[in-house]
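Since the structure comes first, as structure tokens, the remarks are kept for the end.
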Amino acid sequence: MASVALSEAEKVYIVHGVQEDLRVDGRGCEDYRCIEVETDVVSNTSGSARVKLGHTDILVGVKAEMGTPKLEKPNEGYLEFFVDCSANATPEFEGRGGDDLGTEIANTLYRIFNNKSSVDLKTLCISPREHCWVLYVDVLLLECGGNLFDAISIAVKAALFNTSIPRVRVLEDEEGSKDIELSDDPYDCIRLSVENVPCIVTLCKIGYRHVVDATLQEEACSLASLLVSVTSKGVVTCMRKVGKGSLDPESIFEMMETDEAVACQWYDKQLPNLDGWLNASSKNEEGREKDGGICL
């Protein structure tokens, strides 16, 4: 994880401010920074999105390719996640410095999408036990300014919404052999429903209080954080603790309540704006215009 060096005086200043519900940038403990979302930013992908959250910059590309269904799920397609920590984000990622963080983020995404209600993977099946669509989700960290997991979850959700999968027909001849025919029209495609895809809300424990959307400086003052993935309906699908410190049960329950409240508030205030923009983007695509962006 990217880190920043702080003096003891700076840490005391940040911690004391958090105790008074006043952070260095003027936000309260439960306030997010401005979120910028832009889709259709990479031309050679099936779907893409870029999210800027403060000084955190995330780029996600989705590539749809044909594959063979897994033996345990013959009627479903599946997703594969790859995370690349660019050395431009922080010098700590040079060489193989970002491999551990990339693996940790990818494993977290696998846990989130392991929930059957997140994405209907049956829509990715072309021919049971024979052919399916495999969505390769590539996450690139361009800049690290704190709160990576939240920004990545939003970027992945936006990229999956933007993903266009070619419509396929399976033709069977008299001998029983099957041929796959892809539509010639690039706009004749299917889209995934991301309504139930959760977003991550991360709470960092600082002193006796906890904050959402922590900056790098605030993360340096925190020994433990709680990641909770919450859907727009307030359903918690995944939870994990990160950091070297410990959390007592009372703190965990308190942080979970805050997580759910913040998530519901975020969905109520920001999601209508995002949904309206996504619907507008869909209409633009029907008119064959390019997507734009939105600041939440």
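Side notes on the structure shown:
Residue-wise test of (1) modelled with pLDDT under 90; (2) open to solvent by less than 20 Å² (accessible area, probe 1.4 Å).
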{"residue": "48", "(1), (2)": "no, yes"}
{"residue": "77", "(1), (2)": "no, yes"}
{"residue": "83", "(1), (2)": "no, no"}
{"residue": "88", "(1), (2)": "yes, no"}
{"residue": "94", "(1), (2)": "yes, no"}
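- Of all residues making up the stretch 206-244, the number that are part of a strand (DSSP E or B), crowded, with 20+ Cβ neighbours inside 10 Å and not polar (S, T, N, Q): 8
- Residues of the stretch 96-118 satisfying the condition of being open to solvent by less than 80 Å² (accessible area, probe 1.4 Å) and in a loop (DSSP other than H, G, I, E, B): 97, 98, 115, 117, 118
- Residue 38 satisfies every condition listed in (1) over 24 Å from residue 106 (Cα atoms); (2) open to solvent by 80 Å² or more (accessible area, probe 1.4 Å); (3) modelled with pLDDT of 90 or more except (1).
- Of all residues in the stretch 119-144, those satisfying the criterion of being buried (at least 22 other Cβ atoms within 10 Å of the Cβ) and either over 30 Å from residue 182 (Cα atoms) or among the acidic types (Asp, Glu) (or both) are 141, 144.
- Failed item, numbered, when residue 202 is tested on (1) in contact (Cβ under 8 Å) with a residue 40 or more places away in the chain; (2) within 22 Å of residue 122 (Cα to Cα); (3) of a type in the set (Ser, Thr, Tyr): (2)
- With respect to the conditions (1) surrounded by fewer than 17 Cβ atoms within 10 Å (Cβ to Cβ); (2) at pLDDT 90 or above, residue 61 lacks only one, and its number is (1).
- With respect to the conditions (1) without any contact (Cβ under 8 Å) to a residue 40 or more places away in the chain; (2) open to solvent by less than 40 Å² (accessible area, probe 1.4 Å), residue 186 falls short on a single one, namely (2).
- Residue identified as farther than 24 Å from residue 221 by Cα and out of contact with any Leu (no Cβ under 7 Å at 6 or more places or on another chain) among 120, 100: 120
- The condition (being in contact with a Leu (Cβ under 8 Å, 6 or more places away or on another chain), among the aromatic types (Phe, Trp, Tyr), closer than 30 Å to residue 97 by Cα and surrounded by 19 or more Cβ atoms within 10 Å (Cβ to Cβ)) is satisfied by just one residue among 149, 161: 149.
- Matching residues, the stretch 151-165, being more than 13 Å from residue 50 (Cα to Cα) and touching a Phe, Trp or Tyr at 6+ places or on another chain (Cβ under 9 Å): 164, 165
- Hits in the stretch 74-89 - residues which are touching a helix residue (DSSP H, G or I) at 6+ places or on another chain (Cβ under 7 Å), in a strand (DSSP E or B) and farther than 9 Å from residue 141 by Cα: 78, 79, 81, 82
- Test result for residue 172, touching a Lys or Arg at 6+ places or on another chain (Cβ under 7 Å), closer than 22 Å to residue 121 by Cα, open to solvent by 40 Å² or more (accessible area, probe 1.4 Å) and modelled with pLDDT under 80: no
- Counting only residues that are among the aromatic types (Phe, Trp, Tyr) and in a helix (DSSP H, G or I), the stretch 1-55 holds 1 of them.
The values are calculated or read from the model by the stated rules, or taken from the named source; none is laboratory data. Quick caveat, the model's predicted, so the values are computed rather than measured. So basically every Cβ, Gly included, is an ideal-geometry build from the backbone, and we count neighbours across all protein chains shown. Just so you know, the surface numbers come from the protein's heavy atoms only, side chains and all, with ligands and any DNA or RNA stripped out. Shrake-Rupley method; radii C 1.70, N 1.55, O 1.52, S 1.80 Å.
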